[in-house]
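Notes follow the structure.
The values are calculated or read from the model by the stated rules, or taken from the named source; none is laboratory data. The structure presented is a predicted model; accordingly, all values stated were derived computationally and were not measured. FYI the Cβ positions are ideal-geometry reconstructions off the backbone, even for glycines, and counts take in every protein chain you see. To get the accessible areas, we keep the full protein, side chains included, count just its heavy atoms, and leave off ligands, DNA and RNA. Shrake-Rupley method; radii C 1.70, N 1.55, O 1.52, S 1.80 Å.
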Amino acid sequence: MSDTIHHPLDDPATDPFEVAARAADDIARLTGVDRHDIALTLGSGWGKAADLIGETTATLAATDVTGFSKPALAGHVGSLRSVVTPSGRRVLVIGARTHYYEGHGVRRVVHSVRTAAAAGARTMVLTNGAGGIKPTWKPGTPVLISDHINLTGDSPLEGATFIDLTDLYSTRLRDLARRIDPSLDEGVYCQFRGPQYETPAEVRMAKTIGGHIVGMSTALEAIAARQAGMEVLGFSLITNMAAGIQTTPLSHQEVIEAGQQAEPVISALLARVIGEL
Ligand code: 8IG
């Protein structure tokens with residue numbers, strides 16, 4: 001498709017923040033909502049959560065918004081929704097994550113985050129499906145992300161952009177989430193490049209260096225969100241025990257099924273948390 005040839009974010013001379021500003025203008029025009037307060041990216045297993053957050057006032061094909069790429073995977077929804085909560089806050093729901101493993105570069109990976117910031121969002125809620133290293137986390141367990149280890153070897157920051165990542169995953173917002181569900185555990189998210197799942201040895205490495213969750217998203221997005229001055233809240237749905245923690249092979253089907261089973265519970269949790277933001 002010409003999409004991959006003439007993509008505005010692929011030209012190094014283009015300012016990615018200018019593309020995000022254009023995308024935010026598209027969203028304002030197409031949704032009729034000038035500013036959004038909160039942005040929410042829905043990862044594997046979290047797709048139904050948007051329905052409980054409030055009333056959807058507009059649904060856009062992500063491809064109608066400047067700079068968004070086509071979804072790579074069935075099950076990843078290529079849409080953007082504007083939702084209004086019962087208290088009147090505007091939530092931009094991003095169902096169209098671009099993954100690093102798609103190979104289109106980090107600018108495209110974090111474009112939705114930069115767009116959300118340009119659309120006014122001060123809070124970025126990032127969700128994902130991921131593998132769990134703690135054996136007590138059975139498939140279907142939601143956990144808070146307390147910190148991350150970026151193993152991609154890449155960054156959304158360009159040039160000498162020194163951004164502080166202390167408290168990247170806001171302690172304030174994690175405390176708020178735990179007030180709603182005191183049983184929520186938390187852990188350090190390791191972003192691997194993917195798309196292959198880890199070897200058992202890589203999972204042991206992740207554990208040794210302080211990781212508890214393995215995934216293929218979120219860390220790069222969180223960095224971009226912090227650069228944009230947003231407060232970040234991250235949730236992983238543990239859809240499988242990481243390779244070697246469980247002895248059977250990982251299957252994408254298993255991941256989908258764990259997500260479907262957990263969906264009502266985690267959707268209700270997320271809706272309550274967003275209602276309190
Ligand atoms: I869902 O076990 C899901 N995403 N890297 N490892 C990595 N990503 C994942 C996993 C996993 N499960």
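Sparse packing (at most 10 other Cβ atoms within 10 Å of the Cβ) combined with a DSSP loop state is found for the following chymotrypsin sites (Phe, Trp or Tyr not before Pro) in the range 109-176: F162. Connecting C-alpha atoms closer than 10 Å in a GNM of the chain, tell me which of G95, G229, G103 has the biggest fluctuation. Looking only at G95, G229, G103, the biggest GNM fluctuation is shown by G103. For the chain, the direction-averaged projected area of the alpha-carbon convex hull comes to 13.6 nm². What share of the DSSP beta bridges in the chain is antiparallel, in percent to the nearest 5? DSSP beta bridges in the chain are roughly 35 percent antiparallel.
If I model a spin label at L52 and A268 as a point 7 Å from the Cα along the Cα→Cβ vector, what separation in nanometres do I get? Going by the 7 Å Cα→Cβ label model, 0.6 nm. Applying 1/(1 + (r/R0)^6) with R0 = 51 Å to the Cβ-Cβ distance of D175 and A13 gives a FRET efficiency near 0.75.
Other residues within the sphere of radius under 13 Å centred on the Cβ of D185, judged by their own Cβ, net out at +2 (K and R +1, D and E -1).
With the full set of protein chains in place, find how many percent of the accessible area of the chain is carbon and sulfur; take the probe as 1.4 Å. Here it works out to 53 percent. Based on protein heavy atoms only, the chain ends up with 42 Å² per residue of surface accessible to a 1.4 Å probe. The mean sequence separation of alpha-carbon pairs under 8 Å and at least six residues apart, normalised by the residue count of the chain, gives a relative contact order of 25 percent.
If you find the alpha carbon centre of the range 221-277 and of the range 160-195, how far apart are they in angstrom? About 12 Å separates the Cα centre of the range 221-277 from the one of the range 160-195.
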